[in-house]
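Chemist: The structure is given below, and queries will be raised subsequently.
The values are calculated or read from the model by the stated rules, or taken from the named source; none is laboratory data. Because the structure is predicted, anything quoted here is derived from the model rather than measured. Ideal geometry is used to build each Cβ from the backbone, glycine not excepted, and the neighbour counts take in all protein chains shown. Ligands, DNA and RNA are excluded from the accessible area calculation, which covers all protein heavy atoms including side chains. Shrake-Rupley method; radii C 1.70, N 1.55, O 1.52, S 1.80 Å.
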Amino acid sequence: MDRPDDGAPVEEIGFLLLPQFPIYATILALEALRIANQCAGRRLFRTPLFSVDGKPVRATNGMELKPDRGIGEVPFCPTVIVVAGNEPLPHLGRAVLGWLRRLDRHGAVLGAIDTGAFALARAGLLDGHKVAVHWEAIPLFREHFPEAEPVEQLWTFERNRLGCAGGSPRSTSCSN
């Protein structure tokens with residue numbers, strides 16, 4: 001990875017971390033991209049972390065990750081994955097929704113891990129789209145966003161929308 005870049009483009013895939021995000025699913029996504037870089041012998045992907053305000057974000061396990069930037073410092077990113085956890089709705093303020101809508105207007109690919117799809121749906125960006133949502137959150141998602149189609153799959157990729165149910169969606173239930 002320390003070898004000079006061969007001039008090929010590097011794809012930027014940003015991760016918007018919302019409070020109480022699942023660190024396990026986040027780490028799996030970041031590591032998959034890191035391993036792709038390692039196997040290629042050069043940097044294929046850059047994976048900046050974003051938060052709403054640029055401050056560290058606490059995961060569901062209490063750990064905090066320090067973002068590279070706040071969303072106000074990111075005018076555009078070609079791919080953004082929203083990562084949210086057990087209670088995504090309280091963290092979907094005007095700044096987040098406006099930023100996601102602006103990215104969409106400029107052609108970004110938008111995605112979600114776990115319940116990050118709630119952010120895309122609240123912004124009106126999943127109307128008519130199928131999207132993977134963590135299986136425990138599907139009933140609540142349907143209740144709030146009937147115009148989107150949550151599916152119980154590990155991942156979805158439809159047009160310019162990505163969805164991932166989470167790192168290990170069936171193993172995280174308190175009732176198992």
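Chemist: Nearest 20 debye, what's the magnitude of the dipole of the chain about its Cα centre given +1 on Lys and Arg Cβ and -1 on Asp and Glu Cβ? Intermediate values should be presented prior to the final figure.
Modeler: Working: 19 positive and 20 negative charges, 51 e Å.
Roughly 240 debye for the chain.
Chemist: Filter the GluC sites (Glu not before Pro) in the range 96-149 to those in DSSP coil with at most 12 other Cβ atoms within 10 Å of their Cβ, and list the result.
Modeler: The qualifying sites are Glu147.
Chemist: Let me ask you something else. Give me the percent of the accessible area of the chain that comes from carbon and sulfur atoms, probe 1.4 Å, all protein chains in place.
Modeler: Carbon-and-sulfur percentage of accessible area, whole number: 53.
Chemist: Is the shape of the range 81-125 best called rounded, prolate or oblate, per the rule: a/c under 1.5 gives rounded, else a/b larger than b/c gives prolate, else oblate, with a ≥ b ≥ c the square roots of the Cα gyration tensor eigenvalues?
Modeler: Here the range 81-125 falls in the oblate category.
Chemist: Based on the alpha-carbon gyration tensor of the range 59-176 and its eigenvalue square roots a ≥ b ≥ c, which shape applies: rounded if a/c is under 1.5, prolate if not and a/b is larger than b/c, or oblate?
Modeler: Taking the square roots of the gyration eigenvalues as a ≥ b ≥ c, the range 59-176 is oblate.
Chemist: By how many degrees, between 0 and 90 and to the nearest 10, does the Cα long axis of helix 94-105 differ from the longest principal axis of the chain?
Modeler: Approximately 60 degrees, to the nearest 10.
Chemist: When every alpha-carbon pair in the range 1-127 is counted, what percent end up more than 25 Å apart?
Modeler: 23
Chemist: Can you tell me the orientation of helix 23-40 relative to the chain, as the angle in degrees between its alpha-carbon axis and the longest Cα principal axis, to the nearest 10?
Modeler: That works out to roughly 30 degrees.
Chemist: For the range 18-84, just say rounded, prolate or oblate: build the C-alpha gyration tensor, square-root its eigenvalues into a ≥ b ≥ c, call rounded for a/c under 1.5, and beyond that prolate if a/b exceeds b/c, oblate if not.
Modeler: It is oblate, given that a/c is not under 1.5 and a/b is not larger than b/c.
Chemist: Compute the signed sum of charges (Lys and Arg +1, Asp and Glu -1) over the other residues within less than 13 Å, Cβ to Cβ, of Ile27.
Modeler: -1
Chemist: If you count only protein heavy atoms with a 1.4 Å probe, what accessible area per residue comes out for the chain, rounded to a whole Å²?
Modeler: In whole numbers, the chain has 52 Å² accessible per residue.
Chemist: Let me ask you something else. Just want the answer: with Cβ charges of +1 for Lys and Arg and -1 for Asp and Glu, which residue in Ala123, Val57, Ala36 is farthest toward the dipole's positive end in the range 1-144?
Modeler: Toward the positive end, the furthest listed residue is Ala123.
Chemist: Follow-up. Using 0.36 nm per residue of separation minus the Cα-Cα distance, give me the extension gain between Phe45 and Ala8 in nm, one decimal.
Modeler: Values: separation 37, 0.36 × 37 = 13.32 nm, distance 1.09 nm.
Contour length minus the Cα-Cα distance gives 12.2 nm.
Chemist: Which is farthest toward the positive dipole end of the chain among Leu100, Ile71, Val151, measuring Cα position about the Cα centre, with Cβ charges +1 (Lys, Arg) and -1 (Asp, Glu)?
Modeler: With unit charges placed on the Cβ atoms, the residue in question is Ile71.
Chemist: Can you list residues from other chains, or at least 5 along the same chain, whose modelled amide H is less than 5 Å from the amide H of Val82?
Modeler: Leu16, Gly111, Ala112, Ile113
Chemist: Could you check the spin-label model distance between Arg58 and Arg142? Points 7 Å from the Cα along Cα→Cβ, value in nm.
Modeler: Here the answer is 3.3 nm between the modelled labels.
Chemist: Another one. Of Ala25, Thr47, Val80, which is farthest on the positive side of the dipole of the range 23-176, counting Cα position, with +1 on Lys and Arg Cβ, -1 on Asp and Glu Cβ, and the Cα centre as origin?
Modeler: So the residue we want is Thr47.
Chemist: Mind checking the dipole of the range 45-96: about its Cα centre, +1 per Lys or Arg Cβ, -1 per Asp or Glu Cβ, Debye to the nearest 20?
Modeler: So the magnitude is around 60 debye.
Chemist: Taking the Cβ of Thr79 as the center, what net charge do the other residues with Cβ under 9 Å away carry, scoring Lys and Arg +1 and Asp and Glu -1?
Modeler: Working: positive: none; negative: Glu11, Glu12.
Around Thr79, the surrounding residues sum to -2.
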